[in-house]
């Protein structure tokens, strides 16, 4: 019987927000082939359990807060206004995130999976 704390929205996704302990989260991240995230603590936790991490940075700086490890990658557009560390873009564009394309993310994932399989 499924854990009653888990909500299945779609057969491919589980909503685990606020429903796992740190230890449970680490165990789940350890099972991932790759973890795609923004600049967040979960990226560091995934890296700590040796799951390859693809971090997408917008207004923050990968120089300061990227997950460490040779298996991890960062996607970041070093725009003239970056890093600003603001949650709300003062220019109303969010270009730092919008300029990272789905194709770039998919390419990075494909490259990472190939490297990690070796």
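Structural remarks
- Residue in segment 86-98 that is surrounded by 15 or more Cβ atoms within 10 Å (Cβ to Cβ) and within 26 Å of residue 32 (Cβ to Cβ) present: yes
- Residue satisfying condition, being without any contact (Cβ under 8 Å) to a residue 24 or more places away in the chain and surrounded by 12 or more Cβ atoms within 10 Å (Cβ to Cβ), within set 16, 106: 16
- Residue check for residue 96: modelled with pLDDT under 95 and assigned to a loop (DSSP other than H, G, I, E, B): no
The values are calculated or read from the model by the stated rules, or taken from the named source; none is laboratory data. Bear in mind that the values here come from a model prediction, so they are computed numbers and not experimental data. Positions of Cβ are generated from backbone atoms using ideal geometry, with glycine treated the same way; all protein chains shown enter the neighbour counts.
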